[in-house]
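Every read-out reported here was derived from the displayed coordinates using simple, explicitly stated rules and does not represent laboratory data. Keep in mind it's a predicted model, so treat the numbers as computed, not measured. Reconstructed Cβ throughout: ideal geometry from the backbone, glycine too, with neighbour counts over all protein chains shown.
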Amino acid sequence: MDDSLIDSDRLSLSRKSRLPGEGFFYPDSLDEEYADRRAREAIDGSDVVVVADTDADGLGCVALLREMYDAALEVAPFEADIAARLDERPAAGDEADSETDQEASPVGLVAAGPHSLDAALERVADYADPGVDVYVCDLSPDRYEAVSDALEHLCRRGEVRWFDHHQWDDDVATAVRETGVDLVVGESDEECSTDVTLRSLAYDFPPHLVDLAAVVRDHDLWIKEDSRSDDLADYAHWTSPEEFVTVVGRYGPDLPDPVEQFIADRRVEKDRLVERAVARADLKTVGEWTVGVTYGRCSQNEVADALREQGADAAVVVKPAGSASIRGSEAFERCHEVAEQVNGGGHPRAAGCKPDIYDDMLDYAHHWTTEGGATKRVILAAFERLDAE
């Protein structure tokens, strides 16, 4: 394939908003090979390994753990890298994977998501030295069977502690604890995972990291009272996990000027993509709820905010890659129940899913040309079943 066909920088804003980023077009085998190599590098020789989600909440947990183990990387090389790329303007929504020449932290970071948790745990079990201390942060399995083999293997290698705040099934939590894992699950409407980690570790954290947990909570729980929380969320999305962990570990939520400039630069196009998604949204009535439904490569949180201002109780943002974000409000706190019906999960006011309806690239072509028509119908049907109950 001609590289220019998937180069986001060559696309008009209209086309960019309808198509996934170039990473979507890489085969899973290449992604797995890359993830395996990065995991080996992070795990090799580490006495402590953290498996974490790569949003601000998951990475906030990593920053706390590196502080406790005195394992933070030097921030200066990352700051130099930030300054050097301020004028590069990578496509909004695509991660800028910054690299430095530093040695790896002795507290290794293995990035994971809900659908790659089992693979991440298995990599740690395979590559870590015996006696390793493992932390799992801001991740929850929908079924114990999905992670049972990897987790039981890992528990034979070392001690495992797990900090999270998602909605856990009681049977899943019991099964995880029976493997010997020290599992702490906070109330999902009161704490973020960084909060849970902060209170679970026997360490006197400095004020800037205590403040970090509060600001992450502001965004993750949709409190929206601290303007810094959106900056943290965007920064985590737009840069590498190692850079984010290092910078917030040093500065907390008060990001240095070069980072603020970087975020402001990226937001120009981000805001334009949000406007496109809001403009193509429809409001649907499902029982007593008004559901805003739209499509596009965009920041789902800002789109959901705009749709709520238009009267939506819930918002569904279907992405070009086939996944969807579901956001709620005070009038709708059952997002996770909708997502669980379509191969997903999450929180009462924020959830995600990816319907299992894509059999080949022709299905994706249909998805892009119809602006997610089939995915929208599947998710709205889940709302209808919830209403019927």
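Among A374, A39, A112, which one shows the biggest mean-square fluctuation in a GNM of the chain, springs joining Cα atoms closer than 10 Å?
A374
Spit out the partnerless Cys residues in the chain, using Cβ distances under 4.7 Å as the pairing rule.
C155, C192, C298, C335, C353, each lacking another Cys Cβ under 4.7 Å.
Hey, if you put +1 on the Cβ of every Lys and Arg and -1 on every Asp and Glu Cβ in the stretch 3-269, which of A71, W162, S17 ends up farthest toward the positive end of that dipole?
Going by the Cα projections, it comes out as S17.
Using the Kirkwood formula on the Cα atoms of the stretch 179-227, what hydrodynamic radius do you get, in angstrom to one decimal?
Answer for the stretch 179-227: a Kirkwood hydrodynamic radius of 11.7 Å.
Say we join alpha carbon atoms closer than 10 Å with springs in a Gaussian network model of the chain; which of S140, S188, S200 then has the biggest fluctuation?
Greatest mean-square fluctuation among the candidates belongs to S200.
Relative to the present Cα-Cα distance, how much length would full extension add between A83 and S12 at 0.36 nm per residue of separation?
Length gained between A83 and S12: 22.9 nm.
Each label point is 7 Å from the Cα along the Cα-to-Cβ direction; what then is the distance between the points at Y34 and V268, in nm?
2.6 nm
Using a Förster radius of 25 Å, what is the FRET efficiency between D182 and A72 based on their Cβ-Cβ separation? Nearest 0.05, please.
The formula returns an efficiency of 0.60 here.
Cut-off 17 Å, label point 7 angstrom out along Cα-to-Cβ of D44: give me the residues of the stretch 124-162 whose amide nitrogen falls inside.
Flagged as within label range: 124-130.
Connecting C-alpha atoms closer than 10 Å in a GNM of the chain, tell me which of A146, A351, A128 has the biggest fluctuation.
Answer for the Gaussian network model of the chain: A146.
Among Y295, A321, V176, which residue has its Cα furthest toward the positive end of the charge dipole of the chain, with +1 on Lys/Arg Cβ and -1 on Asp/Glu Cβ?
The Cα lying farthest towards the positive end belongs to Y295.
Report the label-to-label distance for T369 and D171 in nanometres (one decimal), using points 7 Å from each Cα along the Cα→Cβ vector.
4.3 nm
Work out, step by step, the length gained on full extension between Q310 and Y251: first 0.36 nm times the residue separation, then minus their alpha carbon distance; give nm to one decimal.
Here the segment from Q310 to Y251 would lengthen by 17.5 nm.
Provide, as a two-decimal number, the C-alpha radius of gyration of the stretch 3-269 over 2.2 N^0.38 Å, N being how many residues it has.
So the Cα radius of gyration is 1.00 times the expected 2.2 N^0.38 Å.
Among all the lysines, which ones have a C-alpha under 19 Å from K319's C-alpha, if same-chain residues fewer than 8 places away are not counted?
Within the straight-line cut-off, K319 pairs with K16, K270, K284, K354, K376.
Please state the charge dipole magnitude for the stretch 99-201, taken about the Cα centre, from unit charges on C-beta atoms (+1 on K and R, -1 on D and E), reported in debye and rounded to the nearest 20.
I would put it at about 300 debye.
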